[in-house]
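Here it is, the structure in full.
The values are calculated or read from the model by the stated rules, or taken from the named source; none is laboratory data. This is a predicted model, so every value here is computed, not measured. Note that each Cβ is placed from the backbone with ideal geometry, even for glycine, and that neighbours are counted across all protein chains shown. Side chains are part of the model used for accessible areas, which takes the heavy atoms of the whole protein and leaves out ligands, DNA and RNA. Shrake-Rupley method; radii C 1.70, N 1.55, O 1.52, S 1.80 Å.
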Amino acid sequence: MKNFASRTEGIEVSLIRRMTLWAKEEKGVNFALGQGIPSFSLPKEIKEKLCRAIIELPQLNKYSCGLGDLALRRKIASVLRKLYQVKIDFKKEILVTSGAISGTFSTILALIEKGDEVIIFCPAYSSHIEQIKLAGGKPVFVPFLEEKNWRPDFSALEKAISLKTKAILFSNPSNPTGFVFSKKDIEKIIKIARKHDLFIISDETYDFLTYKKKFWSLLSFKNARERSIVCFSFSKKYAMTGFRVGFLVAPFSLLKEIYKVFDEAYICAPTISQYSALLSLQIFGGKPPSQFQKEFEKKRKYTLLRLEKLKSFFQFIPPEGAYYVFPKVNFKKLNLKKIPLSLEKKVEKKMKTVSSRFQTNDLKLSLLLLFGAKVVTIPGIAFGPLGENHLRISFGGEIDQIKEAFDRIEKFLLKIKK
């Protein structure tokens, strides 16, 4: 048989997904700290109206057209105007996507050519890194500074820009660190982008979830509109991860090119999901259900308390947004020689199935916790080279499951403590 295209060489299935798949092969695994799936059910108000619509609206099983359902785009524009005081042409500047990830993918494929460089703040969302590479581009990592509460290194940003640089990409709030960009941070990015004539791609999936820190959307900055592509999602805000629906906002000159890619790859976001998204905006006005915020705050507080109890093993920065914390592991406190040989062999077998760049201590620890404690965590190396020696811990799950997961982790780590 002939070979696959060279563009897939070096591309890896995300370790986020791999850890989840490996966990499903095991019995009795606690998934609470793994993949970023909110524990909530679809809000009752959406569920009830959606059930009636399935019976009453025959078009829900048909394709939607063009850039997405017109009523949904009109409503999105209205909500954005209230939230961010920005005027959007709903007919030309909004594309309804299959989650935020298809928005970033279509954007990157439309913008990036072989040899182009994309600045990406690291640790970074794993799929963003692989999407750049799939387009033939090169991700250029600029660090979030852990010693400065994950604030971006702006001096490194300036130095990282070359004649090949095409865009700056970041998630805000950040996945996996939970950092929230301030107004001044975004103004600095815009100033640099304008100076070097760069595009700015902002993934704002977690725009709704910050803790005592104001969220600033890239859309709020008029002097960046002509070069900005901003991607949003309904997945986390309304517990609709399986619906696969989001949207992006960009000037029509950019959006029409991005749409070419989206059309060939997806045709449209699922029509029934677009209708669900419309219901969510009609009912909640662009904000999450009030109980979601309260529950996330409760889970965050508990997660940080448990990490504090394990501070001999983990050093962590409390997240300002999203529902992740990204602790650094103190491997000096762990005696891996105490691990049973059978467990060691099981871990090594899985590690050999991934690229050598992922064969790090944090992946090994995640696998040890998976097979030894039956708890899913995500190794930091999944989020780029600057994520190494960290774990991403989600507190999106059920609080009782989070408690049980930390009990298991604590018990396991104490067994192998030096």
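Sketch the reach of a paramagnetic label on Ser155 as a point 7 Å from Cα along Cα-to-Cβ, and name the residues of the stretch 114-143 whose backbone nitrogen lies under 15 Å away.
Counting only backbone N, you get 143.
Can I ask one more? Return one whole number: the accessible area per residue of the stretch 65-140 in Å², for a 1.4 Å probe.
Values: 2810 Å² over 76 residues.
Value for the stretch 65-140: 37 Å² per residue.
If you don't mind, there's one more thing I want to ask. Where a Cα-Cα gap under 12 Å defines reach, which aspartates and glutamates qualify for Lys191, not counting those fewer than 8 residues away within the same chain?
Hits, sequence-local ones excluded: Glu158.
Please report how far the C-alpha centroid of the stretch 161-175 lies from that of the stretch 108-149, rounded to the nearest whole angstrom.
6 Å
Using a Debye calculation, one point per C-alpha and no hydration shell, please list log10 I(q)/I(0) for the chain at q = 0.06, 0.07, 0.09, 0.10 Å⁻¹ in order.
-0.24, -0.33, -0.56, -0.69
Now for a separate question. May I ask you to list the aspartates and glutamates whose Cα is less than 16 Å away from that of Lys332, ignoring any residue fewer than eight positions away on the same chain?
Candidates past the 8-residue exclusion: Asp362, Glu388.
So, one more: Give me the percent of DSSP beta bridges within the stretch 31-155 that run antiparallel, rounded to the nearest 5.
Expressed as a percentage, antiparallel bridges in the stretch 31-155 total about 25.
May I ask you to list the lysines whose Cα is less than 23 Å away from that of Lys75, ignoring any residue fewer than eight positions away on the same chain?
Lys44, Lys47, Lys49, Lys62, Lys87, Lys91, Lys92, Lys222, Lys236, Lys237, Lys256, Lys287
Using helices alone, I'd like the mean residue ellipticity at 222 nm for the chain: each DSSP H run of four-plus residues gives -39500 (n - 2.57), total over residue count, nearest 500.
So the calculated ellipticity at 222 nm is -12500 deg cm²/dmol.
Also, I was wondering about something else. On the protein heavy atoms, probe 1.4 angstrom, tell me the percent of accessible surface of the chain carried by carbon and sulfur.
For the chain, the apolar C and S fraction of the accessible surface comes to 53 percent.
May I ask you to list the GluC sites (Glu not before Pro) in the stretch 98-144 that are in a DSSP loop and have at most 12 other Cβ atoms within 10 Å of their Cβ? Could the numbers behind the result be given before it?
Values: sites: Glu113, Glu117, Glu130; in loops: Glu113.
Within the stretch 98-144, the qualifying GluC sites (Glu not before Pro) (loop, at most 12 other Cβ atoms within 10 Å) are Glu113.
Mind checking the per residue accessible area of the stretch 161-319 for me, 1.4 Å probe, whole number of Å²?
That works out to 40 Å² for each residue.
Along Cα→Cβ, 7 Å out, is where each label goes; now give me the distance between the ones at Thr353 and Lys92 in nm to one decimal.
Those two pseudo-labels are separated by 5.0 nm.
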